[in-house]
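The values are calculated or read from the model by the stated rules, or taken from the named source; none is laboratory data. Since the structure is predicted, the reported quantities are computational estimates derived from the model, not experimental observations. Here Cβ is always computed from backbone atoms with ideal geometry, including for glycine, and neighbour counts include all displayed protein chains. Heavy atoms of the whole protein, side chains included, go into the accessibility calculation; ligands, DNA and RNA do not. Shrake-Rupley method; radii C 1.70, N 1.55, O 1.52, S 1.80 Å.
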Amino acid sequence: MTHSTTDAAAELRRALAADLIERGEVRTGRWRDAVQEVPREVFLGEAVYRLTEDGSAWRPVRRDRLGEQEWLELAYQDVSWVTQVDGVDAADAMGDVVGSPTSSSTLPSLVVAMLEDMDIGAGQRVLEIGTGTGYSTALLCQALGDARVTSVEVDSGVAAAAAAALARVGHRPRLLVADGVLGDLDGLADDRRYDRLVATCSFRYLPPPWLDQVRPGGTILFTLSGWMHANAQALLTVTDDACAEGRFLTGHRSFMLARPHQPPPAGPLLYPPAGAERPSALGPEVLREPTARLLAQLAAPGAVAVATSRDVLLWDIASGSRTHVQPEDGGWRVRQSGPVRLWDQVEDAIRTWHDHGSPDISRFGLTATPAEQRLWLDSPQGPSWRLPI
Ligand SMILES: C[S@@+](CC[C@H](N)C(=O)[O-])C[C@H]1O[C@@H](n2cnc3c(N)ncnc32)[C@H](O)[C@@H]1O
């Protein structure tokens, strides 16, 4: 990098920090300074993916084709840059790639909002799940010091690139190549208990090993997701008996599902055969409301959903049960097949939600014990839904 590009990068970092402060995402000097210090361009490597205009594929954008100034401007946009699609790194892609993102650099506003929400104090130890490019790990190192940061990444190639980028900017946190569902099992042997655990990939339930790895009074910030792609972020406090409880945060925050929590291949999606049919009071529009979709996802946790504006197909992967909802005479008609009546379960959950005034996610909370995990409305004694653990 020349002097002028170094200056340009510093200027872009200052502008990003100022923008995040103005939008209320950065609320403290600690994270403002970290954003101003960490060069995001180093963590993007040599290429990222951009969605093609019609949204059908991922197109690699290469640093050497853009030129240094344009690349820097790209790096400091407040967007998530996808760096890997179905295991193919952007730098290795010969052309457009069709598939789903499997690694990325999360948008800075989301990363810092999460770090602020966790209220991380000086001297606290943090376990991060999902190192990805290492950008969020670098922010943690910058604010807390390398010795206080451990980060876990399941993909060894991604982890190696993150380690190299972190080293380039002078950081050497503890990096583990492992399944983050297990957290830091090695740390447990050393009786290391973390003050904070933050996950930048999402999970269908709270991975139980985490409950032993965060000290009582410590907090966990993770994104609950599932096979219908409904996401909600929960901030939980760990209790003395290795349980955790807390509330969901407002705002739409989503992450890619952790690899072991992704659905198995569903095969060709087929409509249910003619059979049990009835009118339905609900149509596919209900799944466009984020909280309703989250409840539907918990009501039919083994189902994937394919929805258009006119119809929705649910497919329970384990049992093969299927549900199709489509318009009929100004209303909706549902056809269901297989042992699990998926739409009956979804309707039941949505009815409870409607009966309580269609509350948004901030009225929901989560309790995780070694025995079970439940999402509840208003209080742990309120209506609740079991997580598919
Ligand atoms: C959204 S990216 C992380 C972004 C990162 N924090 C950053 O700022 O660049 C999610 C990462 O989680 C990783 N991941 C997925 N499943 C995982 C698992 N079970 N354990 C650890 N990491 C996982 C993915 O490989 C991916 O790199």
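Quick notes
- Computed on protein heavy atoms with a 1.4 Å probe, the accessible areas place Ser80, Ser156, Ser280 in the order Ser156, Ser80, Ser280, largest first.
- Probe 1.4 Å, protein heavy atoms only - accessible area per residue of the chain in square angstrom: 43
- Cβ crowding within 10 Å averaged over residues, with 27-33, 177-183 ranked highest first: 177-183, 27-33
- For segment 1-70 and segment 343-389, distance of Cα centres in Å: 39
- Cα extents for segment 183-242 along the principal axes, largest to smallest and rounded to whole angstrom: 38, 21, 18.
- Here segment 306-370 is treated as an ellipsoid with the same Cα gyration tensor; its semi-axes, largest first and in whole Å, are 25, 19, 10.
- Segment 96-180 - convex hull of alpha carbons, volume per residue in Å³: 105
- Classification of segment 283-323 by its C-alpha gyration tensor yields an oblate form. The axis ratio a/c (a ≥ b ≥ c) is 1.5 or more, and b/c is at least a/b.
- Charged neighbours of Ala161, selected by a Cβ distance under 12 Å, balance to -4 (K, R count +1; D, E count -1).
- Based on the reciprocal of the average 1/r between different C-alpha atoms, the Kirkwood radius for segment 270-355 equals 12.6 Å.
- Rg and Dmax of segment 1-142, Cα atoms only, in Å: 15.6, 47
- Student exercise, segment 32-103 dipole from Lys, Arg, Asp, Glu Cβ charges, in Debye to nearest 20: 40
- Within a Gaussian network of the chain (alpha carbon springs, distance under 10 Å), most fluctuating of Val98, Val214, Val111: Val98
- In the frame of its principal axes, the chain has Cα extents of 70, 52, 38 Å, reported largest first.
- Apportionment of accessible area to carbon and sulfur, the chain, percent (1.4 Å): 50
- GNM on the chain, alpha-carbon springs under 10 angstrom: the most fluctuating residue among Gly45, Gly123, Gly365 is Gly123.
- Once exposed loop GluC sites (Glu not before Pro) are cut out (DSSP; at most 15 other Cβ, 10 Å), longest piece of the chain: 54-371
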